[in-house]
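What follows is a set of notes on a single structure, which appears directly below.
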């Protein structure tokens with residue numbers, strides 16, 4: 001017998017990728033997770049800032065994560081499965097599986113980055129097709145996470161601009 005699909009199982013089933021796979025966040029059922037963020041800054045020269053950190057997270061309404069989801073019969077139109085808020089805190093703990101040994105995390109961030117912040121998350125399920133998929137009639141059923149902070153929706157991306165504030169002295 002298989003376990004029912006819940007908001008929690010979807011959120012925690014694997015990494016959420018953006019930035020062409022260079023950045024990701026993973027949520028674990030125990031309220032921890034991992035964040036890998038690559039920021040490229042362009043001034044007079046290209047500069048890459050690496051953030052590899054563990055996170056702590058908790059939903060404001062824990063019962064919402066146990067909501068059973070009916071994925072229907074392969075619907076093609078995107079459907080919002082859940083809309084909820086979480087509190088997330090970036091920690092100074094470095095994930096043990098990180099290969100990068102250079103400057104990360106507190107070397108780039110100020111104290112504000114390590115304070116708890118609230119995010120509204122919308123989980124969607126459907127076919128999110130890019131131009132290539134439309135042209136070739138492709139595109140698989142996937143989940144998408146949208147995050148809203150400071151009343152700005154960042155559709156299709158998981159952006160931590162509020163969570164990660166870079167130090168201004170680099």
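The values are calculated or read from the model by the stated rules, or taken from the named source; none is laboratory data. Since the structure is predicted, the reported quantities are computational estimates derived from the model, not experimental observations. In this analysis, Cβ positions are derived from the backbone assuming ideal geometry, glycine residues included, and neighbour counts consider all displayed protein chains.
Conditions (1) at pLDDT 70 or above; (2) surrounded by 14 or more Cβ atoms within 10 Å (Cβ to Cβ); (3) touching a strand residue (DSSP E or B) at 6+ places or on another chain (Cβ under 7 Å); (4) within 25 Å of residue 4 (Cα to Cα), marked per residue:
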| site | (1), (2), (3), (4) |
| --- | --- |
| 49 | no, yes, yes, no |
| 65 | yes, yes, yes, yes |
| 80 | yes, no, yes, yes |
| 121 | yes, yes, yes, yes |
| 133 | no, no, no, no |
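Across the stretch 1-36, which residue is modelled with the highest pLDDT among those that are assigned to a loop (DSSP other than H, G, I, E, B) and more than 24 Å from residue 69 (Cα to Cα)?
Across the stretch 1-36, the extreme among qualifying residues is 22.
Based on what the data block shows, is residue 55 buried (at least 16 other Cβ atoms within 10 Å of the Cβ), part of a strand (DSSP E or B), within 19 Å of the chain's Cα centre (by Cα) and at pLDDT 80 or above?
Yes.
Please give the number of the condition residue 146 fails out of (1) surrounded by 15 or more Cβ atoms within 10 Å (Cβ to Cβ); (2) part of a strand (DSSP E or B); (3) modelled with pLDDT of 70 or more.
Against the list (1) surrounded by 15 or more Cβ atoms within 10 Å (Cβ to Cβ); (2) part of a strand (DSSP E or B); (3) modelled with pLDDT of 70 or more, residue 146 comes up short only on (3).
How many of the residues making up the stretch 7-17 are surrounded by fewer than 17 Cβ atoms within 10 Å (Cβ to Cβ) and touching a strand residue (DSSP E or B) at 6+ places or on another chain (Cβ under 8 Å)?
4
Please work out which residue is farthest from the chain's Cα centre (by Cα), limiting yourself to the stretch 18-30 and to residues that are on the phi > 0 side of the Ramachandran plot and loosely packed, with under 15 Cβ neighbours inside 10 Å.
Filtering the stretch 18-30 for residues that are on the phi > 0 side of the Ramachandran plot and loosely packed, with under 15 Cβ neighbours inside 10 Å, the one farthest from the chain's Cα centre (by Cα) comes out as 20.
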